[in-house]
Amino acid sequence: MKSIDKIFPGVKALKGVNFNLKSGEVHTLMGENGAGKSTLIKILTGVYEKDGGQIIFDGREVHFTNTLDPQKLGISTVYQELNMIPYLTVGENIYLGRYPKTRKGIDWKTLHENAQRELDDMGLSISSRERLNHYGTAAQQMVSIVRAISLHCRIVVLDEPTSSLDTKEVETLFGIIAKLKAKKIGIIFISHRLDEVYAISDRITVLKDGSYEGTYKPAELTQYELVRKMVGKEIIQEGINTRNYDGSNKEYVVEMEDIFYYPKVNGVSVAVKEGEIVGLAGLLGSGRTEVAQVLFGYAGNASGTIKVKGNKVKIKAPTDALKNGLAFVTENRREEGVIPNMTIRENISISGMPQISRWGFIQRKKQVALAEKYIQRLEIKTPTMEQKLKNLSGGNQQKVLLARWLATEPDLIILDEPTRGIDVGAKKEVEELIKEIAGQGIGVLLISSEITELVRNCDRIFVLREGKNQGVLLKEDISEERIMKQIVEHDPVSREVLT
Amino acid sequence: MKIKSERNIFQAYGAPIALVILLLINCFTTPNFISWSTISNLVTHSATVMILGIGMTMVIATGGINISVGSVMAVSSMVLAKLVFKDHIITGVIVCLLVAVATGVITGIIITVFKVQPMITTLAMMYALRGVAKLLNGGTILNYKNQDFSNFAYVKIAGIIPIHFVIVFVLAAAGFILLRKTRFGLYVEAYGDNPTATKIAGVNTILVVTAAYVLCNVLAGVSGILEAAATTCADPVNMGLNKETDAIAATVVGGTPMAGGRPNVFGTICGALILQLITIMINMNNVPYSYSLVLKALIIVISIYAQNIKK
């Protein structure tokens, strides 16, 4: 792809971007949200039409006007969100729309035999006759890669394939990628995780604000330089917690004791003091998110005691949580946070309605002032507060959701994976915000699968494993190593819960 | 810095534009079209659908639908007629509206608490309430003679403007203000756009959605009162029959998205007028009525098509 341009109303999304891919190589696209990675991919897969430049495939210039043209040439995408049918079998998904037929109908036997062979070739222990939703996200992703291979594709686009995988699954994925390389298939890889990028890439192309910043071999570019090229400003590497939090004479905002929520939570106790940043650490499936859901009344039948500022409370629905001064920025921004077709103003003010309305009528001036205040304070980048929320980048959407909850002036804010899927620069900003929020005396319950993020920010960390407390680490004990140790083994030294 | 609103203009203003165009065409082609009585007829005949449409707009904005409004009209007007028959006008109106509220609460709770799809819930309510309406007077028409009450439907403000104008205007204005200027309106739109996010944002969604069905049914009750007054009887079989489809059509033509989201009350009013105008136009040109149904269908399909065009 040579000097590709793409213009959207009001924005020039791509400015002369170059990108080339050799067969059998892994070429990573890096850039912040809004840098133009997705746009470039969408041009390559025919979702958008380019406004300038050339696409050359096998030495010939090609023009894509729809999504079918690239597929015929063998360009296949494995999206972040899987585009497969969970209730069909694995085999049916692989050959979707291309079922082998006999005179009587579909030739199921051949279909499953072929599918199974493809799966075995990739070294996957997945059965073709099993329903797709029987398997986890990782396996489903592998199946969609197998589908791409069965289409005899030449290029596979993997758009953030690792974002929902755990370490072991990532290894399996990388194994598959190695096999794809051996088949001379070119791979375009997109990820926000630097370590993975360095582990797998043959070359890295960096985009920034729609411009081409260059293409490098991983050995020629340190992680620090890469990040600097992406965000264009100095960012602090691997910092340690610089906060000086002394909780000895502070009150507890929230105390949760013996929380049970079948099947993920089996007796967890967690407490947060005012102005304290408390982390919940643990592997996927350790019950981190579920604990937060119970606290916010979003889970079904849970048992255990919850105290807010020393008083026992019943929280049956998010409305109750809101009334008790709790706030919850969920992990699934799109499904559980963003109200896409409403404006930023409306999205910011929805939870704080009681403060800005009288007799049920919205007081427009107060609403505008509220939105203005938080757009400025959180540096939300938007031309106007009347913009629909769906038009903002991931990082800015996250800030709007933070603003929504800060506007309710909560005593405790739960942040579930607040930096997931947002770029390095915005991540830093969000982390600074978290510290600022805690600095005002608001308790923060931070959930993250990035242990370094917890180490950087937390004053206290509860380590969970399989729905049980595994241990507590206080400020001076907090380190990546200690957390991982506690996750994998019983660490009797800090076994006492709720100090 | 101003940006252009990227709302589809057909969704926002399609219905009023279409209405003006239709009116203009008729001015030139339909004989005797330009007269006060045509306008007057247009509004009085479409009043029921406009009032139902306001309620339907609220419900559709939440992403739901209410096909029981016709039956609600029948039940509430039967209750009204029973009481007016004994000369209790005020009590009749109050009890009739309370019955509408009760039906709305039941519908809302089945949908929100028991999580039965709105289409199925209101389908069940449609059958059940039609049955109740028939039971109230043994399935026969209930005639009443109460001059005071039936005169009400023929009141003319300043001697020329039918009372329907005033009722529709007041209800439409109230609906518009409720949906655009209040917390409730914001919650309704947010729920239609993303129900899960709205719930997590701390909104009492059970209350909001139930309230939308209650208001919708109360408006159906009001239509029932208006029709019962105009006809001096309550007919449990035909009262409000198929009116729900007209109300849904008016809402859709008016630009409220069927999947839920931004409500467009003004659009719904224009939508109802367009549908009625087609009937009047066909009548005045001596074309068989059946053609108007085909023409309505065309209008509905074209309007949805136009609203779905991206930018």
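In the distance distribution for the range A:77-195, Cα-Cα pairs more than 19 Å apart total 45 percent. Distance between the C-alpha centres of the range B:190-256 and the range B:21-87: 13 Å, rounded to the whole angstrom. Summing charges over all other residues whose Cβ lies under 14 Å from the Cβ of residue A:310, with Lys and Arg as +1 and Asp and Glu as -1, gives 0.
I need the shape label for the range B:37-305. Rule: rounded when a/c is under 1.5, else prolate if a/b > b/c, else oblate, with a, b, c from the alpha carbon gyration tensor. The shape class here is oblate. Among B:36, A:108, A:405, A:359, a tally of other beta-carbon atoms within 10 Å of each Cβ gives an order, fewest to most, of A:359, B:36, A:108, A:405. Annotation: lysines with alpha-carbon distance below 28 angstrom to residue A:365 (same-chain offsets under eight excluded): A:323, A:373, A:381, A:388, A:390, A:399, B:2, B:4, B:181, B:199.
Converting the Cα gyration tensor eigenvalues of the range A:415-479 into ellipsoid dimensions via √(5λ) gives semi-axes, longest first, of 20, 15, 11 Å.
Here residue A:264 is the anchor, and the lysines within straight C-alpha reach of less than 20 Å, apart from those fewer than 8 places off in the same chain, are A:316, A:468. Take the Cβ atoms of residue A:127 and residue A:222, set R0 to 35 Å, and the FRET efficiency comes out at 0.20.
Across the options B:106, B:90, B:202, the greatest Cα extent toward the positive end of the charge dipole of the range B:37-305 (unit charges at beta carbon of Lys, Arg, Asp, Glu) belongs to B:202.
Across the range B:95-254, the convex hull enclosing all Cα atoms gives 132 Å³ per residue. Per-residue ellipticity at 222 nm, computed for chain A from helices alone with -39500 (n - 2.57) per DSSP H run of at least four residues, works out to -9500 deg cm²/dmol. By the compact-protein rule of thumb, 2.2 N^0.38 Å, the alpha-carbon radius of gyration of the range A:2-231 corresponds to a ratio of 1.06. Under the rule that an exposed site lies in a DSSP loop and has at most 12 other Cβ atoms within 10 Å, name the longest stretch of chain A with no GluC sites (Glu not before Pro) of that kind, not counting the sites themselves. The longest uninterrupted stretch comes out as A:82-233.
Size descriptor for the protein assembly as shown, Kirkwood hydrodynamic radius: 30.3 Å (Cα pairs only, one decimal). Can you give the local net charge around residue B:239? Use residues other than it whose beta-carbon is closer than 13 angstrom to its beta-carbon, Lys and Arg +1, Asp and Glu -1. Within the 13 Å Cβ shell, the charges total 0. Footprinting exposure proxy ranking of A:358, A:103, fewest other C-beta atoms within 10 angstrom first, gives A:103, A:358.
On the basis of the beta-carbon distance and an R0 of 60 Å, residue A:193 and residue B:87 show a calculated FRET efficiency of 0.15.
Taking every DSSP beta bridge that has both ends in the range A:2-231, the antiparallel portion is near 50%. In this Cβ point-charge picture (+1 for Lys and Arg, -1 for Asp and Glu), the range A:252-494 has a dipole of about 1060 debye about its Cα centre. Percent of C-alpha pairs per 5 Å bin in the range A:111-173, short distances first: 4, 17, 29, 26, 19, 6, 0. Rounded, prolate or oblate: which fits the range B:120-203, taking a ≥ b ≥ c as square roots of the Cα gyration tensor eigenvalues, rounded meaning a/c under 1.5, else prolate when a/b beats b/c? Judged from the Cα gyration tensor, the range B:120-203 comes out oblate (a/c at least 1.5, b/c at or above a/b).
Rg/Rh for the range A:278-371 (Cα atoms only, Rh after Kirkwood) is 1.03. Students often get this wrong, so check it: of B:156/B:296; B:82/B:145; A:15/A:37, which have C-alpha atoms separated by over 22 Å? Listed pairs above 22 Å: B:156/B:296.
Placing +1 on the Cβ of every Lys and Arg and -1 on the Cβ of every Asp and Glu, with no other charges, gives the range A:2-231 a dipole of roughly 680 debye about its Cα centre. When both bridge partners sit in the protein assembly as shown, DSSP labels roughly 55% of those beta bridges antiparallel. What you get for chain A, charging only the Cβ of Lys and Arg (+1) and of Asp and Glu (-1), is a dipole of about 1600 debye around the Cα centre. In this label model, residue B:166 and residue A:386 are separated by 3.6 nm, measuring between points 7 Å along each Cα→Cβ vector.
Histogrammed with a bin width of 10 Å, the alpha carbon distances of the range B:71-123 distribute as 26, 39, 22, 11, 0 percent, first bin at zero. Straight-line cross-link reach from residue A:109 at under 16 Å between alpha-carbon atoms covers these lysines, not counting any fewer than eight positions away in the same chain: A:101.
Computed over Cα pairs, the Kirkwood radius of the range B:23-170 leads via Stokes-Einstein (0.692 mPa s, 37 °C) to a diffusion coefficient of 186 µm² per second.
Over every Cα atom in the range A:252-494, the radius of gyration and the widest Cα-Cα span, Dmax, amount to 17.8, 57 Å. Other residues with beta-carbon under 9 Å from the beta-carbon of residue B:196 carry, at +1 per Lys or Arg and -1 per Asp or Glu, a net charge of -1. The relative contact order of chain A comes to 15 percent, based on Cα pairs under 8 Å that sit 6 or more residues apart. In degrees, nearest 10, range 0 to 90: what is the angle between the Cα axis of helix A:108-121 and the longest Cα principal axis of chain A? It works out to around 70 degrees. Neighbour counts of C-beta atoms inside 10 Å place B:48, B:256 in the sequence B:48, B:256, starting with the fewest. Positive end of the dipole of the protein assembly as shown (Cβ unit charges, origin at the Cα centre): among A:199, A:175, B:275, the Cα lying farthest that way belongs to B:275.
Throughout, read-outs are computed from the coordinates displayed, never taken from laboratory work. As the structure is a prediction and not an experimental result, all values here were calculated from the model. Virtual Cβ from ideal backbone geometry, glycine too; neighbours counted across all protein chains shown.
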